[in-house]
Amino acid sequence: LNFQNARFVTSAPDIRHLSADEGMEVAFAGRSNAGKSSALNVLTRQKSLARTSKTPGRTQQINVFALDEKRRLIDLPGYGFAKVPLEMKLKWQQALSEYLQARKCLRGLVVLMDIRHPLKDLDQELIHWAVASDLPVLVVLTKADKLKSGVRKATLMKVQEAIPGFGGDVSVITFSSLNKSGLADMEHVLFQWFEA
Ligand code: GTP
Ligand code: MG
């Protein structure tokens, strides 16, 4: 398993258009602008594998990246973007919860949050859905470089304290796409999910 081997496979407009439910998938989810696509690029050592943007809502399709014949990384569109019409938001939430429940090849869910705004309502809901589907969750507090070390540690501790409330297999790391802190921790968890 080598994350550098990641290559783009396809963009799907919705979950029903994903390829056959075979092999293993790990999905990256989180609010718009949380840093999902940036984290995928750091993980795969490819500058522009996943498209990143200063404009929230950049990733509107489900992007699929293959690591090998069996393993895939999934970049999901962000949620919670204010400018998206309510009807579209509800539709996406519905699709996301269905995906978490139905997708048998899903090995784990990475939930990314800007460390300055952790555990918003939709983040918590997503973690609850994943736990209800027996999926392990890795909470990634992104943009850790934006905070001084003291505040960063305090935020990590606060989030860690909230984790037992979800039940299930949920762990937390801090991460920065700028200085790559937390990358080894992320790889460690994904290795476990993909090897199991
Ligand atoms: P959507 O596709 O819209 O849901 O966004 P996304 O979650 O994929 O976020 P993306 O990776 O496109 O990053 C959003 C913005 O945050 C970009 O301007 C990135 O450069 C910036 N960003 C992402 N990660 C980090 C980080 O670790 N540190 C800093 N300082 N900025 C980051
Ligand atoms: Mg994106």
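The numbers here are math on the coordinates, done by the rules we state, and not lab data. Owing to the predicted nature of the structure, the values given are computational and were not obtained by experimental measurement. Every residue, glycine as well, gets a Cβ built from its backbone with ideal geometry; the counts of neighbours run over all protein chains shown.
Taking loop as defined by DSSP and a crowding limit of 10 other beta carbons within 10 Å, which trypsin sites (Lys or Arg not before Pro) in the range 142-196 fit? Those satisfying the criteria are LYS148. Does the chain classify as rounded, prolate or oblate by the C-alpha gyration tensor (a ≥ b ≥ c root eigenvalues; a/c under 1.5 gives rounded; else a/b over b/c gives prolate, otherwise oblate)? Rounded shape, in that the Cα axes give a/c under 1.5. Please name whichever of GLY165, GLN101, GLY80 sits farthest to the positive end of the charge dipole of the range 36-186, dipole taken about the Cα centre and charges placed at Cβ: Lys and Arg +1, Asp and Glu -1. Of the options given, the answer is GLY80.
Where in the range 42-122 are there GluC sites (Glu not before Pro) that are in a DSSP coil and have at most 10 other Cβ atoms within 10 angstrom of their Cβ?
Those satisfying the criteria are GLU69.
A cut-off of 5 Å between modelled amide H atoms, ignoring neighbours fewer than 5 places along the same chain, links MET24 with ARG71, ARG72.
Give me the net charge for the shell around GLY35: Cβ to Cβ below 10 angstrom, other residues only, Lys and Arg +1, Asp and Glu -1. Local charge sum for GLY35: +2.
DSSP finds beta bridges in the range 3-195, and of those with both partners inside it, around 30 percent are antiparallel.
For every other residue with a beta carbon closer than 13 angstrom to the beta carbon of LEU18, add +1 if it is Lys or Arg and -1 if Asp or Glu, then tell me the sum. Let's see the in-between values first.
On the way: positive: ARG16, ARG72, ARG103, LYS104; negative: ASP14, ASP21, GLU22, GLU25, ASP75, GLU98.
Around LEU18, the surrounding residues sum to -2.
Among the listed pairs LYS47/LYS70; LYS104/LYS180; LYS83/LYS146; LYS70/LYS146, a Cα-Cα separation exceeding 29 Å is found for LYS104/LYS180; LYS70/LYS146. Mean-square fluctuations from a GNM of the chain, with a 10 angstrom spring cutoff on Cα atoms, peak among LEU76, LEU67, LEU178 at LEU178.
The local environment of THR174, defined by Cβ-Cβ distances under 10 Å, has a net charge of +1 under the rule Lys, Arg +1 and Asp, Glu -1.
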